[in-house]
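Next up is a structure, given as structure tokens.
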Amino acid sequence: MTLLIEGGRIVDTVGQVLRRGDVLVKDGRIAAVGKVDAGDDVRVLPAEGLLVAPGLIDLHTHLREPGFEAKETILTGTRAAIKGGFTCVLAMPNTRPAIDSGAVAAYVARAASDWARVIPVGAVTRGREGRELSPMGELKEAGVLAVSDDGRSVAAAGLMRNAMRYARMLDLLVISHCEDETLSAGGAMNEGYTATRLGLPGIPAAAEEVMVARDIILAGETGCRLHIAHVSTAGSVGPVDNTLNTPLVKLKNRFGPGLPTRVAKLPALVAPAPLNSVKVCPAVKVPFVTMLKTPS
């Protein structure tokens with residue numbers, strides 16, 4: 001089948017520019033870009049006022065299958081992905097059972113072959129329990145490109161170090177959920193004035209930042225590729241933005257200069273009422289100015 005996407009704003013990811021034009025697709029492959037005269041017998045898709053871009057990739061999705069199909073399934077999740085322009089998604093391993101074996105990883109990868117491509121993310125530890133490493137070689141053979149205990153941090157530094165060493169050998173990306181649960185345990189929202197005023201236990205920024213620091217040091221030592229997920233504090237952003245003079249920047253420059261660290265940022269959010277409408281992890285952040293206001 002030949003398809004002409006006509007008159008859209010084409011996202012040129014190589015030249016990093018937007019330009020108007022047409023895209024001709026033949027048998028699922030791009031045949032021409034620019035002003036295209038496709039002739040007869042071509043399906044024309046008007047794209048005036050629309051962006052025409054390569055398929056997007058979501059590095060952090062929760063397809064919930066197997067085990068939590070009441071929340072989401074691979075089919076519904078990948079259908080939604082396609083509707084939003086995402087042609088490839090990485091499926092996080094917090095399922096039941098966790099994606100900690102080649103069999104589970106292969107099942108997840110195969111289950112959505114007719115929709116968006118699904119790349120399973122393997123668990124760092126068996127069952128995501130933080131006790132022993134998962135069989136990373138087996139996971140790699142099943143199509144896993146990254147490992148994570150998403151939803152939990154690997155608490156033991158020695159275990160995380162060994163995981164990073166294996167990940168380096170197997171060329172696997174480590175996606176780190178940075179949270180010291182001895183600091184965040186029982187917390188309901190970001191620590192500060194608002195939490196105190198509402199009588200809710202707070203989660204200090206240090207709960208995230210100490211684990212970010214640890215994982216940067218370990219990644220610098222082992223040479224593994226590191227992606228720090230859902231960053232929510234200015235102190236954690238520091239190691240990536242070297243213009244910020246924070247202790248974590250100094251750690252990065254000391255232990256891992258040039259370290260290819262990847263960070264997914266979250267914007268600061270003001271907590272509305274009811275709070276349960278924004279119950280997320282990491283905890284919702286309240287801007288500093290708001291925290292300084294006294295109650296009326």
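Binned at 10 Å from 0, what are the whole-percent values of the Cα-Cα distance distribution for the stretch 2-52, short to long?
Calculated P(r), rounded to whole percents: 29, 56, 15, 1.
Subtract the Cα-Cα distance of Thr13 and Asp171 from 0.36 nm times their separation in residues, and report this length gain in nm to one decimal.
In short, 54.4 nm is gained.
Something else about it: State the extension gain, in nm to one decimal, for the chain segment bounded by Glu181 and Asp41, taking 0.36 nm per residue of separation less the distance between their alpha-carbons.
44.3 nm
Going Cα to Cα from Lys35, which aspartates and glutamates come in below 14 Å? Please leave out same-chain ones fewer than 8 positions away.
Glu6, Asp22, Glu48
I've got another one for you. Give me, ordered by chain and number, the residues 5 or more places off Thr125 or on other chains with an amide H under 5 Å from its own placed amide H.
Result for Thr125 returns Gly130, Ser134.
Could you tell me the distance between the Cα centroids of the stretch 1-57 and the stretch 81-104, to the nearest Å?
What the calculation gives is 29 Å, centre to centre.
Also, quick follow-up: Would you mind putting 18-27, 158-167, 4-13 in packing order, based on average other-beta-carbon counts within 10 Å, highest first?
Ranking the peptides 18-27, 158-167, 4-13 by packing returns 158-167, 4-13, 18-27.
What order, most packed first, do the peptides 46-53, 189-196 have when packing is the mean number of other Cβ atoms within 10 Å of each residue?
Ranking, from highest mean packing down: 189-196, 46-53.
Rule-based calculations on the coordinates, nothing more; no lab input. Keep in mind it's a predicted model, so treat the numbers as computed, not measured. A quick note on method: Cβ atoms are made from the backbone with ideal geometry, for glycine too, and the neighbour counts reach across all protein chains shown.
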